Amino acid sequence: MNTDPTSGAVGAPRSRIEGRLKVTGAARYASDVPMPDLAHGWMVTATISRGRIRDIDAAGTLAMPGVLGVLDHRNAPRLNPRAGNYFGPDGSLQLLQDDVIPYAGRPIALVVAETPEQARAAAAALRVTCDVEPHDLDFHLEHPAARPASTAFGPEADTGDMDAELAAAAVVVDERYCTPEESHSALEPHAATVWWEDGHVYAVDSNQGAFSVSEVLAALWSIDRERVHIRAEHVGGGFGGKVACGPPVILASMAAERFGRPVRIAVTREQVFEATASRPPTEQSIRVGADADGRLLVIHHRAAYALSPLAEYIEWCTEQAKILYAAPAIRTQLTAVPLDILPPASMRGPGATPGSFALESAIDEVAERLEMDPLDLRLRNQPMVAPVSGLSFSSRRLVSCLREGARRFGWTARDRRPRSRREGPWLIGSGMATTSFGAGVFPSSASITAEKDETFTVSIGASDIGTGARTALTAVAADALGVGTDKIRIRIRIGDSDLGMAWGAGGSRGTTSWSFAILEAAKKLRDNLGDPARPVTATADTTAMINFQPDRERQTYSAVFTEVAVDTATGEVRVRRLLGMFAVGRVINPLLARSQVIGGMIMGLSMALHEESLRDPRTGRQTNGDFAGYHIAAHADVPDIEADFVPDYEPQDPSGFNGLGEIGTAGTAAAIANAVWHATGTRQRILPIRLDRVLEPATTVDIAGELRVA
Ligand code: MOS
């Protein structure tokens, strides 16, 4: 449905504006901008999980060729301890400020030299001695330090009479689900090139939001934000791991100030794993009760995740339990477990992705107990209004996703019983899952200039982390201005904190937030156009226009269907088919949107079958922190994927849009786990679904790596 009568550019499949720059190598990333007089920093990271630095002996390092100096907690510039994030002061930003080691991988020194090779060699020669304290990485739901999570994203649910509904239920599923620590694994490792000039700091950084990074860096240095200039024009992926003001830009800003030269820090892949961010492990307990007709009576979702005491964080696993199904009693309890770990960060559908694995596995288990088709069970329990908030839904095209997905997949031909299909050594099964993901907008500003030559320049502090945001926003601007994109009449400038306040590429809310600001700027410009001989600029800021208490529940939806083959001899799981139907509002660019949700589904597949950060319980250090040991789905793991969008229009958005950055990932892991059950008759409640877990269902290895015999 395209209800915009002036539409032309929005809705058309166009390839990326910067595609040629990228494939020819002309696009410059944070670690390859040319820079005269450049020095290079190398991070030295903690090898213990908790303790204190007793001494750092830099004598040998300082004598090595090319070394300019070493920064550590004794001599580094002092940072503002109150600098923080959305939740308040954030200790993960306070690098080199004290002798405390809060997690393995914490940067504890920076060696600066003329070349990266010299810096690396000198960093290896630094002698650090520590006092080791016992660490705690023993994550589980009943951990004694567990505490209620922040409710900053929304209150817990507690509707209905849970005990009465449980007593009335014909079947109750009561199970636990675990997901491991995972790593964002963007292709481009984090990097920053930083220099100071006249009390201003300039950085080319790899991040997901140049404006918010500029705010945090300004706070750390206690300087005006206008003195901080962050560029992030091209970013090789983020997936949540580059939302923060990361260690490279913080440490390089210190070194550049100290040595009076531009400093670049390009971290290694191993350092990305240990020192940047991760998705925390989760353990989730779900009780779902239903009557004999398959009407859900109770959903009780308890979820725990790990975090660091250094910074508040929410892995909002329980959101979907409040949205997806009608049940008279719904209760959610989200628990945070502080441990000596790398502070976690949003990753690929934070909360929703591990949360949907648990919830949508449990719903499948209800269907199993009732001997009911899991598609029918889901169709039977669609709510008329949001079951917990009581709000009506904005646009909820979930049933369309379910029906159209089932039709294309050929779901109805399926034999519901497990272990009903075999091809030689392979057991074949199919499974499905549904999800929702919150949608909305955040404040942003945008400027549009009508140039003398009848072209337009659109400036917005947006980020294109590989998603195609530049291309999508150009189409949005073209329609807002009523001009075509074909004659390159629109030039778009993004990825620069000097372009003004803007939301980052995160929370699946970048494109909606930026589009809103562009639309408003275009309206103003059209009102202001006067003398065509002079350039005219209009600027808009949507802050005052955004209602954070909308009167309807605004979400995106998906239905994912999959077919898997399980090798009974080796335990190998092959995903054969993967089909996703999505409801994401009006689609700006079908080509890029499809590419993005396919990427998301691959990440879901990767989560289901491959990804887990493993730690040595003695040291707490990750033992597989590289791409040899931490497997992410590669070409050979990925089947034919079909992804499409049901016609949709978001009435709460001025252009009908919703975000689609993360809905592709959520849902896929549960669909695969459900298909593995259908193939084998055994539930997989711990991710990833490893060979050993398939072969020995009576034995599980918990996420700390300990063998437990059930
Ligand atoms: Mo995203 S995981 O909100 O960058």
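See the values below:
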{"item": "Rh by Kirkwood over Cα pairs, then Stokes-Einstein D for segment 352-477 at 1.002 mPa s and 20 °C, µm²/s", "result": "112 µm²/s"}
{"item": "Reciprocal of mean inverse Cα separation for segment 458-590 (Kirkwood radius, Å)", "result": "17.8 Å"}
{"item": "Share, in percent, of DSSP beta bridges within the chain that are antiparallel, nearest 5", "result": "75 percent"}
{"item": "Order of Lys523, Lys322, Lys242 - criterion: other Cβ atoms within 10 Å of each residue's Cβ, fewest first", "result": "Lys523, Lys322, Lys242"}
{"item": "Set of segment 487-529 residues, backbone N closer than 15 Å to the point 7 Å along the Cα-Cβ line of Lys452", "result": "none"}
{"item": "Förster-model FRET efficiency, 56 Å R0, Arg20 and Arg54, C-beta, rounded to 0.05", "result": "0.55"}
{"item": "Sparse-neighbour loop sites [chymotrypsin sites (Phe, Trp or Tyr not before Pro); segment 539-639; at most 12 other C-beta within 10 Å; DSSP]", "result": "Phe548"}
{"item": "Set of lysines with alpha-carbon distance to Lys22 below 24 Å, sequence-local pairs under 8 removed", "result": "Lys242, Lys487"}
{"item": "Ranking of Met64, Met347 by count of other Cβ atoms within 10 Å, fewest first", "result": "Met64, Met347"}
{"item": "Bins of 5 Å, starting at 0 and running to the largest distance - Cα pair percent for segment 596-707", "result": "2, 10, 16, 18, 17, 14, 9, 6, 4, 3, 1"}
{"item": "Dipole-positive endmost among Trp514, Ala311, Pro350 within the chain (Cβ charges, Cα centre)", "result": "Trp514"}
{"item": "At most 11 other Cβ within 10 Å, DSSP loop - GluC sites (Glu not before Pro), segment 427-527", "result": "Glu454"}
{"item": "Within the chain: Cβ-based charge dipole about Cα centre, in debye rounded to nearest 20 (Lys, Arg +1; Asp, Glu -1)", "result": "1120 debye"}
{"item": "Residues Ser447, Ser150, Ser206, sorted so that the one with the fewest Cβ neighbours within 10 Å comes first", "result": "Ser150, Ser447, Ser206"}
{"item": "Selection of trypsin sites (Lys or Arg not before Pro), segment 608-703, meeting DSSP coil and at most 14 other Cβ within 10 Å", "result": "Arg618"}
{"item": "Cβ-Cβ FRET estimate between Gln382 and Gln97, R0 fixed at 56 Å, reported to 0.05", "result": "0.60"}
{"item": "Gyration tensor verdict on segment 50-117 (Cα atoms; rounded if a/c is under 1.5, prolate if a/b is larger than b/c, oblate otherwise)", "result": "prolate"}
{"item": "By average C-beta atoms within 10 angstrom, highest first, the peptides 194-201, 252-259", "result": "252-259, 194-201"}
{"item": "DSSP-defined beta bridges in segment 247-394 - what % are antiparallel, rounded to 5", "result": "50 percent"}
{"item": "Residue among Val44, Val67, Gly91 farthest towards the positive dipole end of segment 33-109, charges placed on Cβ", "result": "Gly91"}
{"item": "Charge dipole magnitude, Cβ of K and R +1, D and E -1 - segment 95-158, Cα centre, debye nearest 20", "result": "320 debye"}
{"item": "For segment 520-617, fraction of C-alpha pairs farther apart than 21 Å, in %", "result": "65 percent"}
{"item": "Convex hull projection area averaged over all views, the chain, Cα basis, nm²", "result": "30.8 nm²"}
{"item": "Along each principal axis, Cα extent of segment 144-235, largest first, Å", "result": "71, 30, 28"}
{"item": "Cα gyration tensor shape for segment 201-287, rounded if a/c is under 1.5, else prolate or oblate", "result": "prolate"}
{"item": "Gyration tensor over alpha-carbon atoms, segment 296-393, equivalent ellipsoid semi-axes in Å", "result": "29, 15, 11"}
{"item": "Extreme residue, positive dipole direction of segment 582-680, given options Ser606, Pro647, Thr623 (C-beta unit charges)", "result": "Thr623"}
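Readers should treat all values here as calculations from the given coordinates under stated rules, not as data from a laboratory. All values derive from a computational prediction rather than experimental measurement. As a convention, Cβ positions derive from the backbone with ideal geometry for all residues, glycine included, and neighbour counts pool all protein chains shown.
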